[in-house]
Amino acid sequence: MTDFLLELRSEEIPARMQDKAREDLARLFAAELDKAGIKAAELVTYATPRRLALIARDLPAQTQAVSEETKGPRVGAPPQALEGFLRKAGLTQDQLVERDGVYFAVIDKPGRATAEVLAAAIPAIVRAFPWPKSMRWGDASLSTESLRWVRPLQGIVALFGDDVVPCEVAGVVSGAATVGHRFHHPGVITIGSTSDYVEKLRACHVVVDQAERRNIIALGAKMAANKAGLTLIEDEGLLIENAGLTEWPVPLLGRFDEAFLDVPPEVIQLTARMNQKYFVCQDAAGKLANAFVCTANIDAADGGAKIVEGNQKVLAARLSDARFFYETDLKVPLEEQAKKLEKIVFHEKLGTVADKVERVAKLARWLVEEGVVKSSPSGEVASRSDGGGAAVEHGGLRPPPLHRPSDRPPPPSGEELADLAERAARLAKADLVTGMVGEFPELQGLMGGYYAAAQGEDAAVAEAIRDHYKPVGQGDDVPTAPVTVAVSLADKIDTIGSFFKVGEKPTGSKDPFALRRAAIGALSLITENSLRFQLEKVFIKIGGEGEVVFDLFDFFLERLKVQQRAIGVRHDLIEAGFLSDQAELGRLTEVIRLLELVKALQSFVTTDDGANLLAGYKRAANILKKEGYAASDPARHPGLVPGSTAPQAAASRVEGWTPEQVRGDEGGEGPKVRSYTPEPAEAALIAALDAAEPKAAAAVESEQFEAAMAALATLRAPIDAFFTDVTVNDADPAKRESRLALLARMRDAVHRVADFGKIEG
C-alpha cells in the first residue's frame, strides 16, 4: 500500500473559502477513486493562504479488474432504442446479455496502475472544482474554455510514494517542487514523499495544518494578553480567519489611545474585527481595554515592534472614523432621524420603513392594552442577559446596562406601559439612517439604544430599541422586559402578517424575508415569557378575517413543531392538542395552554394506560368512520370557523340520538330508548364514561391536564373489555345503534382533551 500527496499551489485563497475547499477536494478525489474501484484508508486535507493539499493513505498499486453492467431496452423494443443503446455501450447485439427479457451490456475492465488513475483524476478534479468565486488569467483567459481557479494556479505537487504522477493542467505541469514561506523561504523545496511534506514545509516557515495554526494563534494571543494583565475576548470566527490569512502566525499585542474608549465598546470591537481582523481584550473589571492582538505572518527580527507600530496607526485612523460617526449621530435626535425612514422602501407592496414603524407602534400599544404584555412583577427593565451581544455576530463583549439600576424608575404599568411601548416602537428603526449603522449594519438596534439613552429617553425605551430584534437565532437571549417584549413581538408579528397579506409566503426551501426565523423568534418570546393570549385575535388584528388567518395558523403551528422538536416534544402531540374541541376557540389558540396540554399528553401516551387507551380509541374511531359516525371536521381545523368564536359540536351520533338516550338515563324527562339490557362490559363502559366525562371536562377547564389524563386513563380497562366481550355490529339494529353511539361518545370524550386521531403509534 502506498500514500499519495497532492498539493495545488496558487496565489492567495480567501480565508472564508478554505474549509469548504478542503471538503470539496476530499469529496472530488474520493469520487474519482471510486470510479476506478479504489478506496483510500484515510483522506487528510490541508489549506493555507497559498496551497490546498490532500494526502490519501494506503492506496493499492494496481486497481482490481471490474465488470460494469448497464441495463438496456427490453427484448422486442423498437430498433431505434436498441441501436442507440449499442452505440452508447460500444458493443454489438451479439455481445449483449439477455436476462428476464431485458438486454444488459456487461463490460469487463482490466486492472490498471493506480498512478494512471491518479494522473487522470487530477485534471478532472481541478476543472470540476466548485469555488464560490473563480477567475481566469493570462493570455488563455481570452477563451471562455480556459481554466478557472480561485486565483492563478502556480504549481502542482503529485507524488505516489516517491514517484511523481505526471499530469498537466492549463500549462501547469506536476512535479515534486513547491515553495516555502513567501518571505522566510521563498525558494524552491523538493518534497521527497508524503511522509516528509508537513515537516519540510514547517522547516521552511509554513505550518500547513490549519488546526495547528489556529492553536498557535489562540494560545499566543491569550499569552500576549495575559502578559499585559488583560484577558483576551475569544472569537472563534476571527480565529479561523486569522489562521486562513497566515502560514506562519505570530500573535502580537498593541495599544490604542484610551480616549477612544468613550465610543461604545461594540463599535471598537467591530472596527477592530471587521476592518483589521484584530482581537480585543478586557481588563480585570470586564471592561474593554485599550489593547488589541493582531496576527503577523512573519517572525520579525525586532520581535514585531514595527508591525505593532504600523497596526496601531491603522487602527487609530479607523477608530477616529468611528468616533466621528458616533459623535455626529448623537447630535441628531432619534425622532428627527426617524423622519428619514419615509424615504426608505421596506417592500414594494408594503410601503416604506416609516409605514412599517407606524404599524409596529400601533400593534405594540395594542398588545399592552389587550393585556398580552403586562408589567413585570419584579420591575425588570432589562432583558435577562442585560445585553445585546447579538449585534456582534461572533460573540465577545456584552453591552453594559444603558442606565444604572439606581436610575431606573418603578416598573411601568397600564397606560404608561402602552405609551412606552409605542414610543420605543416609533424610534426602534431610527438608527438605520445613522452614519454608524451605515458603516456597521451589524449594530442596528444596539446603536439606537445607545443614542436613545444619551438623548434622555426612558431606560425602558432605550433598552427596547437596543433589544427589539432579539431573539435573532437559536440560542440568542430572549428579552423579558415588558416594553422590549411588546416591541419585539409586534415587530416580528407585523413582518409575518404583512408579507402573508400580500402573498409573499415562504415556499419550500425559499424564505427570502426570513419569516420562519421571525415566527420562531415570536414563539420564543411567547414561551419564555409565558404570554397568555389568543393567537386568533392577533392574527385577525394583523391579517383580517379569512384565508390569511388560516394560513397564519398553519404557519405558526408548523414553526411551533420545529421549535419544540428541538427540545424533545413530539410534533404529532402538538397537532393533537391543537386539533381538539375541548374549549372555546380562543383557548385553543393559546400557545402556553397548548404546550401545557402537550406536556401532559406526552407523559400520558408513554404509559401503559395511555398506549392502550390510544389503541382502543383508534379501533373505535375506525369502526365509527366505517359506519358513518364522523366527528366534526370543519374545512381547516375543528373549531376554527371563520367568523365564529366557538368550535362546532362534534357529531356523536346519527339519526337523532342524544347523549341522554345513549346513556339510557333513568331520571330526567328525556325518553329512554334502549330496548335491551346492556351486557356487563357495555354497562361498565357507560358507567366509566359517566364518571370520566365530567372529571376530564372540569380538569381541562381548570387547565389541570394531568388530572384530565388521569380521568381518561379510567376508560382504558372498560374499553378493552368492551371490545373483548361485546359485539358492536349486533344483528339487533337497536343494539348496534346504541353501541355505535356509545363508541362515538367515548371518542368525543377523548376529543375534548385532545385529538388522539393525530397521535402516531
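Taking first residues from region 534-546 that are loosely packed, with under 15 Cβ neighbours inside 10 Å and partners that are outside any helix (DSSP H, G or I), the Cβ contacts under 7 Å between residues at least 6 apart in sequence or on separate chains come to Glu545/Pro642; Glu545/Gly643; Gly546/Pro642. Out of Phe346, Phe325, one residue alone is assigned to a helix (DSSP H, G or I) and among the aromatic types (Phe, Trp, Tyr). It is Phe325. Within the set Leu525, Leu557, the sole residue that is under 20 Å from the mean Cα position of the chain (by Cα) and at pLDDT 95 or above turns out to be Leu525. Would region 144-151 turn up any residue that is under 30 Å from Ser193 (Cα atoms), in a strand (DSSP E or B) and either under 47 Å from the mean Cα position of the chain (by Cα) or among the basic types (Lys, Arg) (or both)? Checked against the condition, which is being under 30 Å from Ser193 (Cα atoms), in a strand (DSSP E or B) and either under 47 Å from the mean Cα position of the chain (by Cα) or among the basic types (Lys, Arg) (or both), region 144-151 yields at least one hit. A single entry from Val662, Val598 fulfils the requirement of being assigned to a helix (DSSP H, G or I), buried (at least 20 other Cβ atoms within 10 Å of the Cβ), of a type in the set (Val, Ile, Thr) and modelled with pLDDT of 90 or more: Val598. For region 210-231, a residue qualifies if it is of a type in the set (Asp, Glu) and crowded, with 18+ Cβ neighbours inside 10 Å, but none of them does.
Any residue at all in region 300-312 that is of a type in the set (S, T, N, Q) and under 20 Å from Leu219 (Cα atoms)?
In the first step, residues of region 300-312 are kept if they are of a type in the set (S, T, N, Q); the result is 311-312.
So of that shortlist, the ones also under 20 Å from Leu219 (Cα atoms) come out as none.
No.
Considering each of Ile574, Ile567, Ile540 in turn, give the residue that is assigned to a loop (DSSP other than H, G, I, E, B), at pLDDT 85 or above and out of contact with any Gly (no Cβ under 7 Å at 6 or more places or on another chain).
Details: Ile574 fails: assigned to a loop (DSSP other than H, G, I, E, B); Ile540 fails: assigned to a loop (DSSP other than H, G, I, E, B).
Testing whether each residue is assigned to a loop (DSSP other than H, G, I, E, B), at pLDDT 85 or above and out of contact with any Gly (no Cβ under 7 Å at 6 or more places or on another chain) leaves just Ile567.
For Ile298, the test of being closer than 30 Å to Pro49 by Cα, part of a helix (DSSP H, G or I) and β-branched (Val, Ile, Thr) is failed. The condition of being in contact (Cβ under 8 Å) with a residue 12 or more places away in the chain, touching a Phe, Trp or Tyr at 6+ places or on another chain (Cβ under 7 Å), closer than 21 Å to Ala26 by Cβ and not in a loop (DSSP other than H, G, I, E, B) holds for only one of Ile156, Ile125, that being Ile125. Look at region 39-58: where a residue is aromatic (Phe, Trp, Tyr) and a partner is assigned to a strand (DSSP E or B) and at pLDDT 95 or above, sitting 6+ places away or on another chain with Cβ atoms under 9 Å, you get Tyr46/Glu7; Tyr46/Leu52; Tyr46/Ala53; Tyr46/Leu54; Tyr46/Ile55.
In region 246-256, which residue that is in contact (Cβ under 8 Å) with a residue 60 or more places away in the chain and either under 29 Å from the mean Cα position of the chain (by Cα) or closer than 20 Å to Gly229 by Cα (or both) is surrounded by the most Cβ atoms within 10 Å (Cβ to Cβ)? Lay out the reasoning, then the answer.
The first filter runs over region 246-256 and keeps only residues in contact (Cβ under 8 Å) with a residue 60 or more places away in the chain, leaving 246-248, 254, 256.
Imposing the further condition that a residue be either under 29 Å from the mean Cα position of the chain (by Cα) or closer than 20 Å to Gly229 by Cα (or both) reduces the set to 254, 256.
On the way: Gly254: 21, Phe256: 23.
By that ranking, first place goes to Phe256.
Output the residues belonging to region 710-748 that are hydroxyl-bearing (Ser, Thr, Tyr), touching a residue at least 24 places away in the same chain (Cβ under 8 Å) and either outside any helix (DSSP H, G or I) or under 29 Å from Ala698 (Cα atoms) (or both). Once the filter is applied, which keeps residues that are hydroxyl-bearing (Ser, Thr, Tyr), touching a residue at least 24 places away in the same chain (Cβ under 8 Å) and either outside any helix (DSSP H, G or I) or under 29 Å from Ala698 (Cα atoms) (or both), region 710-748 yields Thr714, Ser738. Taking the criterion of being surrounded by 24 or more Cβ atoms within 10 Å (Cβ to Cβ) and assigned to a loop (DSSP other than H, G, I, E, B), the only residue of region 446-467 that qualifies is Glu457.
The values are calculated or read from the model by the stated rules, or taken from the named source; none is laboratory data. Please read these numbers as outputs of a predicted model, since none were measured by experiment. Please note: Cβ atoms are built from the backbone with ideal geometry, for glycine as well, and neighbour counts cover all protein chains shown.
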